[in-house]
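The values are calculated or read from the model by the stated rules, or taken from the named source; none is laboratory data. Computed from a predicted model, the values in this text were never measured in an experiment. So basically every Cβ, Gly included, is an ideal-geometry build from the backbone, and we count neighbours across all protein chains shown.
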Amino acid sequence: MAQVASAQPLVSIRRVSKRYPGVLAVDDVSLDLFAGEVHGLVGENGAGKSTLIKLLAGAIARDQGEILVRGRPAELRHVWEAKRLGLAFIHQELNLIPYFTAVENIFLGHAYPRRRWGGVDWRRLRMHAQKVLEQLGADIPLDLPVSRLSPGQQTLVSIAHALAADADLIVMDEPTASLTDQEIEHLFAVIRTLQQRGVGVLYISHRLAEIFAITQRITVMRNGRVVTTQPTAAVTERDLVQWMTGRTVDTIYPPRSPATQTPLLTVAGLSGHFCRDISFTLHRGEVLGVAGLIGSGRSELLRMLFGAAPVLAGSIHLHGERGAQPIRPRSPAEAYRLGLALAPEERRSQGLVLTRPIYENTTLTFLRNFARSGWLLDRRREIDATVQLGARLGLRSRSPRQPVAQLSGGNQQKVVFARALAGEVRVLLLDEPTRGVDVGAKQDIYRIIRDLTAQGVGVLLVSSELPEVLGLAHRLIVLREGRQVATLDADAVGEEEVLAYCFGVGATQAP
Ligand SMILES: Nc1ncnc2c1ncn2[C@@H]1O[C@H](COP(=O)(O)OP(=O)(O)OP(=O)(O)O)[C@@H](O)[C@H]1O
Ligand SMILES: [Mg+2]
């Protein structure tokens, strides 16, 4: 774009560095962002993307370098300063206040419209919130505490908060991780409108297709440094992956190992508060995909099997040497004892104890395995097991004793996965296992799924990325509004057909 080449940058990051104990998270980074430009930022988990964003936001202080906003040096020692300078942020880990409503969160820290005598004009506030959400195509209850909203809805609230700031630059760190395709389309439409109005956008995502769809330039980071900045039109996905990882990543899905015909888990007529009448058999060595839109009941199904959501009707049988045993896990602890492990989708609220070290988070649910005598834990073995699992998953950390809070988003996700693998797993329940995980690590996770199934483990896989479900699963079931609408052979269907079942258009099948 001509205007991009000639104009003064909206924001200039110059030779900025940030060191954490043991890691140079951002290393001498320079980057120019222009008005009216959507700039992509990509890199592996732990490359330093979010740290760079936090420096720009004034949430953490840089050690070196300068940042210019419209040509003027900015201190950026405090988040208010970034806000005053017209910069808005959607952070990777959302900063919502859980017991505030959507309206309150959207206007948090912004100027409230006032009535003549000074009181807050709540009616105007609500209308304004409604309008911003409408732009996003989001239908969200305005008066519930946001803690009661789904992860996707919370993201939309957080996006609305950034839009309501009327900023000149909006930084989006993994905004689409928990959005549906439709919501992503709305977001992109909003981004294009912003761009026409001259707003700049810095856009971070591990989904390279999005980067190609929405950006004009791309910057690649690796180990804290900028590898290159390029016009989007001049690069291919292969180039990006090569720059990000230093290697080429070719086959995305490893060949499936053949599933057996030996039943492992039989579910019949299972119903919960939302799901109704779900029936399937998972075989040893099989990956059974669970497709459906967000809110279709996929997560509840996994949580019921894991003893984390109430089962109202139906039966679950686990097959073993002694035939089929009826089971009804009433708690995650009981599910783990039976050999069922869940990697949940919402890592920060459901998965991790952020202040505790990696190894404790990994072994948490299997402490019995690490007991030396009675209650005394064998710390050495805990740490060894963590290091081994970490290596298998390509976990990037300084030490197994590091608090999980210090890991990058994608690496936190790997800890959740590591924990699910720490015990004797027979049935692995995976809810969005690769959300926020970089291309290289995705490959590692796919390979681990393949290896586990080769050992006879059965996997129930929920993922919003249809290619992932189709690439990994042998068969899949499709849920729509809590009901099972189809059971399909993964090799025999394409994405369109699965989507048609998800949306309820076209053919329906008796399950
Ligand atoms: N508070 C902290 N204390 C210590 N180290 C940290 C802290 N925050 C981040 N780091 C480290 O800084 C490095 C960069 O992390 P950052 O979160 O910026 O990565 P990222 O590129 O955003 O990764 P992801 O794609 O997984 O979100 C990592 O090695 C991470 O462990
Ligand atoms: Mg990040």
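Looking at GLN182, is it within 20 Å of the chain's Cα centre (by Cα), in contact (Cβ under 8 Å) with a residue 12 or more places away in the chain, under 19 Å from LEU108 (Cα atoms) and away from ligand 2 (no atom under 16 Å from the Cβ)? Answer is no for this residue.
Quick check: is even one residue across the range 405-422 within 11 Å of ligand 1 (Cβ to nearest atom) and over 16 Å from the mean Cα position of the chain (by Cα)? Within the range 405-422, one or more residues are within 11 Å of ligand 1 (Cβ to nearest atom) and over 16 Å from the mean Cα position of the chain (by Cα). Among the residues of the range 46-70, the ones that are within 16 Å of ligand 2 (Cβ to nearest atom) and charged (D, E, K, R) come to 2 in all. When we screen GLY65, GLY71, GLY86, GLY43 for residues that are of a type in the set (Gly, Ala, Ser), in contact (Cβ under 8 Å) with a residue 60 or more places away in the chain and in contact with a helix residue (DSSP H, G or I) (Cβ under 9 Å, 6 or more places away or on another chain), the only hit is GLY43. Does GLU93 count as crowded, with 20+ Cβ neighbours inside 10 Å, more than 20 Å from VAL11 (Cβ to Cβ) and within 16 Å of ligand 2 (Cβ to nearest atom)? It is false that GLU93 is crowded, with 20+ Cβ neighbours inside 10 Å, more than 20 Å from VAL11 (Cβ to Cβ) and within 16 Å of ligand 2 (Cβ to nearest atom). Among residues belonging to the range 453-467 that are out of contact with any helix residue (DSSP H, G or I) (no Cβ under 7 Å at 6 or more places or on another chain) and crowded, with 20+ Cβ neighbours inside 10 Å, point out the one that is nearest to GLY394 (Cα to Cα). Step by step, filter the range 453-467, then rank; the result is THR453.
In the set ARG192, ARG207, only one residue is within 16 Å of ligand 2 (Cβ to nearest atom), of a type in the set (Lys, Arg) and over 19 Å from LEU55 (Cβ atoms); that residue is ARG207.
Could you figure out which of (1) in contact with a Ser or Thr (Cβ under 6 Å, 6 or more places away or on another chain); (2) closer than 20 Å to PRO467 by Cβ isn't true of ILE449? The one condition ILE449 does not meet is (1). Of all the criteria given as (1) over 27 Å from the mean Cα position of the chain (by Cα); (2) closer than 30 Å to GLN402 by Cβ; (3) in contact (Cβ under 8 Å) with a residue 12 or more places away in the chain, the one not satisfied by ARG337 is (3).
Cβ-Cβ contacts under 7 Å between residues 6 or more apart (or on different chains), taken from a first residue in the range 192-213 that is within 21 Å of ASP168 (Cα to Cα) and part of a strand (DSSP E or B) to a second residue that is among the aromatic types (Phe, Trp, Tyr) and within 16 Å of ligand 1 (Cβ to nearest atom), are absent.
Is it true that GLY48 is within 12 Å of ligand 1 (Cβ to nearest atom), modelled with pLDDT of 90 or more and either loosely packed, with under 14 Cβ neighbours inside 10 Å or at positive phi (or both)? Spelling it out, GLY48 is indeed within 12 Å of ligand 1 (Cβ to nearest atom), modelled with pLDDT of 90 or more and either loosely packed, with under 14 Cβ neighbours inside 10 Å or at positive phi (or both).
When SER205 is tested against (1) more than 13 Å from ligand 1 (Cβ to nearest atom); (2) touching a helix residue (DSSP H, G or I) at 6+ places or on another chain (Cβ under 7 Å), only condition (1) is not met. Only one of the numbered conditions (1) away from ligand 2 (no atom under 16 Å from the Cβ); (2) within 24 Å of PRO9 (Cα to Cα); (3) crowded, with 19+ Cβ neighbours inside 10 Å; (4) not aliphatic (A, V, I, L, M) is not met by ASN105, and that is (2).
Reported count of residues in the range 444-461, each being of a type in the set (A, V, I, L, M, F, W, C) and either modelled with pLDDT of 95 or more or in a loop (DSSP other than H, G, I, E, B) (or both), is 4.
Looking only at residues in the range 138-157 that are among the small types (Gly, Ala, Ser) and within 22 Å of VAL190 (Cα to Cα), which one is surrounded by the most Cβ atoms within 10 Å (Cβ to Cβ)? Ranking the candidates gives ALA138 first. Taking residues in the range 391-419 that are on the phi > 0 side of the Ramachandran plot, and partners anywhere that are assigned to a helix (DSSP H, G or I) and surrounded by 24 or more Cβ atoms within 10 Å (Cβ to Cβ), the pairs with Cβ atoms closer than 7 Å and at least 6 places apart or on different chains are GLY394/ALA441. May I ask you to verify whether ALA160 is farther than 23 Å from GLN443 by Cβ, at pLDDT 90 or above and under 19 Å from the mean Cα position of the chain (by Cα)? So ALA160 passes the test. Counting only residues that are within 16 Å of ligand 2 (Cβ to nearest atom), in a helix (DSSP H, G or I) and within 19 Å of GLU346 (Cβ to Cβ), the range 386-436 holds 10 of them. Going through the range 8-43 one residue at a time, which ones are at pLDDT below 90 and surrounded by 15 or more Cβ atoms within 10 Å (Cβ to Cβ)? Passing the criteria: only VAL23. Count of the range 189-210 residues, restricted to those that are under 16 Å from ASN45 (Cβ atoms) and at pLDDT below 95, is 4. Within the range 273-303, the only residue that satisfies the criterion of being charged (D, E, K, R) and either at pLDDT below 90 or in a strand (DSSP E or B) (or both) is ARG276.
Checking the structure you have, find out if any residue of the range 474-487 is at pLDDT 90 or above, closer than 27 Å to THR262 by Cα and in a helix (DSSP H, G or I). No: zero hits.
Yes or no, residue by residue, for (1) within 16 Å of ligand 2 (Cβ to nearest atom); (2) more than 24 Å from GLY86 (Cβ to Cβ); (3) touching a residue at least 24 places away in the same chain (Cβ under 8 Å); (4) not in a loop (DSSP other than H, G, I, E, B):
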{"site": "ARG116", "(1), (2), (3), (4)": "no, yes, no, no"}
{"site": "HIS128", "(1), (2), (3), (4)": "no, no, yes, yes"}
{"site": "PRO141", "(1), (2), (3), (4)": "no, yes, yes, no"}
{"site": "THR155", "(1), (2), (3), (4)": "yes, no, yes, yes"}
{"site": "HIS161", "(1), (2), (3), (4)": "no, no, yes, yes"}
{"site": "SER178", "(1), (2), (3), (4)": "yes, yes, yes, no"}
